[in-house]
């Protein structure tokens, strides 16, 4: 398949990165790549989604992945998967003979192996320089569900209207469900048997990088998991703490032990981010230490520093993230970043997944979350879908339907002329409301 044809299919079917920021997949295709990588690291604790998809749909995923390799003219396709995901590894190995340009790379069971920059180094030995994109090293990375969606776009021209989501944590029956876009998170948690304790909070995403979500929020193209935890759980309390409180705590308790920097995943690759130096400059009013402050932009927000490394319970990542956003908002010009080379001690500073799960206090929730069927009466309980118009990086999609329109499944609801993604209807229904942020679709029985 030619790259222009594949780009058109991806754009028309609304394929975006199925997790993370949701970068439109067609925009990642480039003829400057010599290697494509399939990311099945899935490094967030309790996530099960991508390994399950690769185990179940290995042929479909790898077929689409090889088509991407061919379209961009890459010489090599690497399936990067953790060695611990034995079922997925076995399924991939059974399929490899069909794809002569494809190989498997087994990753260690550490966090954050799924970060693109970390993944690229683990799978190829190449280091993406600070502030650069993977394509600068001739590499393009896609995740498993994105390739599954690409397969359906290629073979059926089926748009992205459904999302696989793992529901884990304090629920009665953890599982992975395929649900239509726009389903409220509260309904999704009901599919997992509901909360197993009283007074819970929802995390959209994982314990490390996820955010506290309102129960009325809905599933989008980037919703990988919903983690349910008690309101008084340390992970929840940490994420609820304000920037003001965090800065006061840092001013009084940061002892400059350097553990946050010593374990920083990007610093270990030679990127100039130094969390301990930022904490010193930010809390002591050391405005003269400009590099420590400006280098905050190279933080990946993996949160090892605050969720694992800091023995004082401080939050470097939150403070760095706040400062980084201000730098970007104000358009401050940054100096050329300094690359110091991969730290020779890096192999001894991995964060093992088992230890991370223990540190986070979620060991009791580290159980299987198998694929589960949606009950037949689910549609009766969920009468409407709230289809968000910005489920991706770039411009929000603009509605091309009007209130009162009756639409069929897979009908395009909104379109995007610039960088963005098309939005389609997951089912037959009637348009009940349209705003600049979302479309309300009443499901037809």
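Since every read-out is calculated from the coordinates, none of them should be taken as a lab result. Please read all numbers here as calculations on a predicted model, not as lab measurements. Cβ placement follows ideal geometry from the backbone for every residue including glycine, while neighbour counts extend to all protein chains displayed.
Values for this structure:
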read-out	value
Approximate spin-label separation residue 419-residue 381, in nm, with each point projected 7 Å along Cα-to-Cβ	4.0 nm
Per residue convex hull volume, Cα atoms of region 178-293, in Å³	151 Å³
Neighbour-count order for 166, 358, fewest beta carbons within 10 angstrom listed first	358, 166
18 Å reach of a label modelled at residue 136, 7 Å along Cα-to-Cβ, counting backbone N of region 309-344	328, 332-343
GNM top mover of 122, 190, 417 - the chain, alpha-carbon springs below 10 Å	417
Two-decimal Rg to Rh for region 3-156 - Kirkwood Rh, Cα set	0.92
Kirkwood Rh, Cα atoms: Rg over Rh of region 243-350	0.94
On Cα atoms only, tilt of 86-95 relative to the major axis of the chain in degrees	60 degrees
Burial ranking of peptide ranges 90-99, 48-57 (average Cβ count within 10 Å, highest at the top)	48-57, 90-99
For the chain, calculated [θ]222 nm from helices alone, where every DSSP H run of n ≥ 4 adds -39500 (n - 2.57)	-8500 deg cm²/dmol
Computed label-point distance, nm, for sites residue 343 and residue 129 using a 7 Å Cα→Cβ extension	2.3 nm
The chain - convex hull of the alpha-carbon atoms, volume per residue in Å³	145 Å³
Distance cut-off 18 Å, percentage of C-alpha pairs in region 313-400 lying past it	80 percent
If the convex hull is drawn through the Cα atoms of region 383-445, its volume per residue in Å³	65 Å³
Difference of contour (0.36 nm per residue) and Cα-Cα distance, residue 256 to residue 332	24.6 nm
Rg followed by Dmax, in Å, when region 350-427 is reduced to its Cα trace	19.7, 55
Percent of C-alpha pairs per 5 Å bin, region 259-308, short to long	4, 25, 32, 24, 12, 3
Fewest-first ranking of 348, 323, using other Cβ atoms within 10 Å as the exposure measure	348, 323
Kirkwood hydrodynamic radius over Cα pairs of region 91-221, then Stokes diffusion coefficient at 10 °C and 1.306 mPa s, in µm²/s	89 µm²/s
Projected label distance in nm at residue 157 and residue 248, using a 7 Å step from Cα toward the beta-carbon	6.1 nm
Rg and Dmax [Cα atoms of region 281-434; Å; Rg one decimal, Dmax integer]	23.5, 63
Ranking of 183, 110 by count of other Cβ atoms within 10 Å, fewest first	110, 183
For q = 0.22, 0.29 Å⁻¹, Debye-computed log10 I/I(0) when each Cα of region 150-195 counts as one equal scatterer	-0.71, -0.99
Evaluated at q = 0.31 Å⁻¹: base-10 log I(q)/I(0), Debye formula over Cα of region 77-123	-1.14
Packing-based order for 391-401, 219-229, 334-344, 421-431, using average beta carbon neighbours within 10 Å, highest first	219-229, 421-431, 391-401, 334-344
Most fluctuating residue given options 45, 195, 370, as computed from a GNM of the chain linking Cα atoms under 10 Å	370
